1. May I ask you to list the residues in segment 42-63 that are assigned to a loop (DSSP other than H, G, I, E, B) and among the β-branched types (Val, Ile, Thr)?
2. Please go through segment 18-41 and give me each residue that is free of Cβ contacts under 8 Å to residues at least 60 places away in the same chain, out of contact with any Ser or Thr (no Cβ under 9 Å at 6 or more places or on another chain) and part of a helix (DSSP H, G or I), ordered by number.
3. When you look at Thr186, is it in contact with a His (Cβ under 7 Å, 6 or more places away or on another chain), closer than 30 Å to Ala28 by Cβ, in a helix (DSSP H, G or I) and not aromatic (Phe, Trp, Tyr), yes or no?
4. Any residue that is touching a helix residue (DSSP H, G or I) at 6+ places or on another chain (Cβ under 7 Å), more than 25 Å from Ala18 (Cβ to Cβ) and among the charged types (D, E, K, R) - is there at least one of those in segment 112-120?
5. Identify all residues within segment 148-165 that are surrounded by fewer than 18 Cβ atoms within 10 Å (Cβ to Cβ), touching a residue at least 24 places away in the same chain (Cβ under 8 Å) and in a helix (DSSP H, G or I); write none if there are none.
6. Quick one: in segment 96-118, of everything that is assigned to a helix (DSSP H, G or I) and over 15 Å from the mean Cα position of the chain (by Cα), which residue is nearest to Phe32 (Cα to Cα)?
7. Hey, can you tell me all the residues within segment 52-68 that are without any contact (Cβ under 8 Å) to a residue 60 or more places away in the chain and surrounded by fewer than 18 Cβ atoms within 10 Å (Cβ to Cβ)?
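The values are calculated or read from the model by the stated rules, or taken from the named source; none is laboratory data. Since this is a predicted model, take the numbers as computed values, not measurements. Ideal geometry is used to build each Cβ from the backbone, glycine not excepted, and the neighbour counts take in all protein chains shown.
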Amino acid sequence: MSDGPVTRPVGLRERKKARTRDAIQRHALRLFAEQGYESTTIEQIAEAAEVSPSTFFRYFPTKEDVVLADEYDPMILAAFHAQPADVPPVRALRNAVREVSDGFAEEERAAIRERWLLSIAVPQVRAAALLNVTSGIDMIAAALARRADREEPDFTDRTVAGALVGVWMSALFHWGEHPEQDMFATIDRAMELIEGGGLPG
C-alpha cells in the first residue's frame with residue numbers, strides 16, 4: 001500500500017477548475033433527478049451552475065459525459081503505481097481501487113451511485129458508457145505494462161485489462177439491480193474472484 005491517501009491537486013487554478021466542474025455536475029444531477037434526463041437541457045444545466053454553455057462544453061463534451069466523466073482514473077493509477085513491486089498486479093489494482101474509494105466522503109459516494117444508476121437507466125448514457133470500455137482497457141493495459149517495465153502492453157496485459165474492465169462492468173450492473181448493497185464492496189468482491197481464481201469450473 002502507499003503511505004497515505006491519494007490527494008487531489010491543490011493549486012489555485014486546479015481548485016477553481018474543480019469547483020466549476022463539480023458545480024456543473026452537481027446541478028446536472030439535481031436537474032436530472034427533478035425533471036428527468038431527457039427533459040433537461042445543457043442550457044438549463046449551465047444556467048443553474050452559473051456558467052455559459054460554452055463553459056459547460058469545456059468540461060463536458062456531451063450531456064452523457066456530465067454523467068460519466070470523473071477524475072478518479074488518475075487517482076487510481078497513482079495509487080496503483082505506488083504499490084510495492086512484489087504485490088501481484090491484480091492485487092495491486094484491487095488495493096488501489098479500495099484505497100481511492102475508501103477516501104470518498106459519503107456525499108461523493110452518493111453522487112457516484114447516482115451517476116451509475118443513470119448510466120444504467122438512460123439508454124444514451126448506457127451506450128456511451130459501453131463505448132468507453134475500449135479506452136478503459138487501453139488505460140489499464142498501459143498501467144500493467146509500465147509496472148512490468150514494458151514499453152508497450154503485450155497480449156497478457158490486454159487480456160488481464162479486458163478481464164478486469166469486464167468484471168467492473170458486471171459488478172456495477174449487478175449493483176444496479178441490488179442498490180441496497182454497497183457499490184464499492186461489490187466491485188471489490190468481483191475483483192477478489194479474478195485475483196484468487198475463484199471462478200466456478
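1. Here is the first cut: in segment 42-63, the ones assigned to a loop (DSSP other than H, G, I, E, B) are 50-52, 60-62.
Hits for segment 42-63 are Val51, Thr62.
2. Ala18, Arg19, Arg21, Asp22, Ala23, His27, Arg30, Gln35
3. Details: in contact with a His (Cβ under 7 Å, 6 or more places away or on another chain): yes; closer than 30 Å to Ala28 by Cβ: yes; in a helix (DSSP H, G or I): yes; not aromatic (Phe, Trp, Tyr): yes.
The answer is yes for Thr186.
4. no
5. Gly162, Ala163
6. Going residue by residue through segment 96-118, those that are assigned to a helix (DSSP H, G or I) are 96-102, 106-118.
Now drop any that are not over 15 Å from the mean Cα position of the chain (by Cα), which leaves 106-107.
Details: Glu106: 20, Glu107: 17 Å.
Within segment 96-118, the match that is nearest to Phe32 (Cα to Cα) is Glu107.
7. Residues satisfying the conditions are Ser52, Pro53, Ser54, Thr55, Phe57, Arg58, Pro61.
Per-residue answers, yes or no, for (1) hydroxyl-bearing (Ser, Thr, Tyr); (2) in contact with an Asp or Glu (Cβ under 7 Å, 6 or more places away or on another chain); (3) modelled with pLDDT under 95; (4) surrounded by fewer than 19 Cβ atoms within 10 Å (Cβ to Cβ):
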residue: Leu12; (1), (2), (3), (4): no, no, yes, yes
residue: Arg19; (1), (2), (3), (4): no, no, yes, yes
residue: Asp22; (1), (2), (3), (4): no, no, yes, yes
residue: His27; (1), (2), (3), (4): no, no, no, no
residue: Thr40; (1), (2), (3), (4): yes, no, no, no
residue: Ile45; (1), (2), (3), (4): no, no, no, no
